[in-house]
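As structure tokens, the structure follows; a few thoughts come after it.
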Amino acid sequence: MSLNAPPGTAPSADALIAGFRKRARMSFLVPGVILAYLTWIFFAFDIPGIAARAKTDNAAVLLTDFWAHKTHVTRDNRSGALTISKDGENRGAYPPGLLPDWVTVTDGVTTIDLGSGNIVTYDSLGARYVVPDYGTIDIRPSDDGQSLILDAPEPLPSWINASDRLISVTTPAGRFNYSRSKVETFRYQAGWALFFFTADSPFFQKSPWELASLAFSGERVDPARSNLSYMASEFWTNKMWHHGEVAWALFETLLMAFIGTFLAALVALPLAFMAARNFNPLGPLRFVMRRVFDFIRGVDALIWTIVLARAFGPGPMTGALAILITDTGTFGKLYSEALENIDEKQVEGVRSTGATTLQRARFGVLPQVTPVLMSQVLYLFESNTRSATVIGAITGGGIGLLLTQAIITQKDWEDVAYYMILIVLMVMALDSLSGWIRRKLIKGA
């Protein structure tokens, strides 16, 4: 007997026992299935191997590179030339004669203060690194110049790696490398180096108050233009961060998503009428149109991107075409379903006036579905903005290309963080804008 006894009738004892047994079996079966599935995932995805291969020190360095920069102080051991640069790049090099306030050069001796008592010294004999609570690490080349001689307190700690050709020291204050050809000291500092102005800019190393004074009341640095215009130009053409190029790449990404989404919306609208049951009485044609929509939206935009890139070559337009094709299938399905759910009474009212088929669609159908259709278009535009970032990495356009290039270098992680923040801000702005427009269209508030 079932537990669902007629109203007013109590279930029998056998039915109660059977129900309890069924619930008991389910209470053991469901956790068992979940546990088996999690166990399969644990081994199928090689979780133990991933844990064994994980390198937390590399992860810590990577995270540090996202929000900090390092200044390289390098001396060529052959020529004695000293160079200082941000992140070791020529475009971030300090001009001759300009030094950070923690680097001093006196009578050929370079002194680097890494803070907390960590002092590095370059001189004609070699280099020394004074580490608090440890001692002095002294390095000099051998008489024949073919190897390095290390003098440091024994036993050597794990943060000193020494060989005949390279000696490296890693401390919380910074890193130090000595080879036969050069000696380098790296100092990590919070923030993104040269984000506003490069070292060769006349506005470099000026405080916000000094910049504000120069911008609005100071003497012109360049007589041909105002200081504010000069600052804007220096920022826009920054050789380290390329703000102008990044802004154009963001615009390309938005344009890729905009063209693909809205052209797909226009192409799908007439096709949706052919797939709607209440507008197309021909069953075979409706079936064909729906299967066409299923096919083109069933193939992901990334696959269409690869196919189109092979056919037309790389470029933002290839990405826009990939979005157009995929979204035509998506819009076709959504539009046809919206058309099938309209209120036929409004259409009948327009028909009673003697309106033609096009007039019935224009005045009886479109006013009903336009808010819903526009809401769907705006939502997919917002979604495609994110997709265009990945598509741009394949087609060679937009912010996705810059992001991929920065990742490939394996050293420009601050650029990666910059691009990721811009992408998130762009998506947040579009989400707020499209949400506001959708509320206006659907609710009128």
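Could you tell me whether any residue of segment 94-111 is of a type in the set (Ser, Thr, Tyr) and under 38 Å from the mean Cα position of the chain (by Cα)? Within segment 94-111, one or more residues are of a type in the set (Ser, Thr, Tyr) and under 38 Å from the mean Cα position of the chain (by Cα).
The rows are residues; the columns are (1) of a type in the set (Val, Ile, Thr); (2) at pLDDT below 85; (3) part of a helix (DSSP H, G or I); (4) within 19 Å of SER168 (Cα to Cα).
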position: PHE42; (1), (2), (3), (4): no, yes, yes, no
position: ALA52; (1), (2), (3), (4): no, yes, yes, no
position: ASP57; (1), (2), (3), (4): no, yes, yes, yes
position: VAL61; (1), (2), (3), (4): yes, yes, yes, yes
position: ASP65; (1), (2), (3), (4): no, yes, yes, no
position: HIS72; (1), (2), (3), (4): no, no, no, yes
position: ARG75; (1), (2), (3), (4): no, no, no, yes
position: GLY80; (1), (2), (3), (4): no, no, no, no
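With a requirement of 1 or more residues that are hydroxyl-bearing (Ser, Thr, Tyr), the strands (runs of 3 or more DSSP E) lying completely within segment 144-232 that satisfy it span 166-171, 174-179, 182-190.
Test VAL307 against the stated conditions and say whether it is free of Cβ contacts under 8 Å to residues at least 24 places away in the same chain, assigned to a helix (DSSP H, G or I), within 19 Å of LEU269 (Cα to Cα) and among the aliphatic types (A, V, I, L, M). Here the answer is no, as VAL307 does not meet what is asked. Summed over segment 82-114, the residues that are farther than 20 Å from LYS411 by Cα, in a strand (DSSP E or B) and open to solvent by less than 20 Å² (accessible area, probe 1.4 Å) give a count of 4. Within segment 378-402, the set of residues being assigned to a helix (DSSP H, G or I), farther than 21 Å from ALA265 by Cβ and open to solvent by 30 Å² or more (accessible area, probe 1.4 Å) comprises VAL390, ALA393, ILE394, LEU401, LEU402. Candidates are the residues of segment 29-72 that are among the charged types (D, E, K, R) and out of contact with any Asp or Glu (no Cβ under 7 Å at 6 or more places or on another chain); the one that is farthest from TRP102 (Cα to Cα) is ASP46.
Restricting segment 36-77 to residues that are among the charged types (D, E, K, R) and loosely packed, with under 10 Cβ neighbours inside 10 Å leaves a set whose member that is farthest from ALA417 (Cα to Cα) is ARG53. With respect to PHE216, determine if the residue is aromatic (Phe, Trp, Tyr) and modelled with pLDDT under 90. In short, yes. When we screen THR198, THR121, THR170 for residues that are surrounded by 15 or more Cβ atoms within 10 Å (Cβ to Cβ), more than 22 Å from LYS239 (Cα to Cα) and out of contact with any Ser or Thr (no Cβ under 8 Å at 6 or more places or on another chain), the only hit is THR170.
Looking across segment 285-318, the residues that are among the small types (Gly, Ala, Ser) and open to solvent by 60 Å² or more (accessible area, probe 1.4 Å) come down to GLY298, ALA311.
What number of residues within segment 348-369 are in a helix (DSSP H, G or I) and open to solvent by 10 Å² or more (accessible area, probe 1.4 Å)? Residues meeting the conditions: 14. Residues of segment 231-244 that are without any contact (Cβ under 8 Å) to a residue 12 or more places away in the chain and either open to solvent by 30 Å² or more (accessible area, probe 1.4 Å) or aliphatic (A, V, I, L, M) (or both): ALA232, SER233, TRP236, THR237, HIS242. Six or more apart or on different chains, Cβ atoms under 8 Å: show the pairs whose first residue is in segment 369-389 and at pLDDT below 85 and whose second is surrounded by 21 or more Cβ atoms within 10 Å (Cβ to Cβ) and among the aromatic types (Phe, Trp, Tyr). Taking only residues 6 or more apart or on different chains, the pairs are VAL369/TYR335.
The values are calculated or read from the model by the stated rules, or taken from the named source; none is laboratory data. In this text, all values refer to a predicted model and were calculated from it rather than measured experimentally. In this analysis, Cβ positions are derived from the backbone assuming ideal geometry, glycine residues included, and neighbour counts consider all displayed protein chains. Accessible surface is based on the protein model in full, side chains and every heavy atom, while ligands, DNA and RNA are left aside. Shrake-Rupley method; radii C 1.70, N 1.55, O 1.52, S 1.80 Å.
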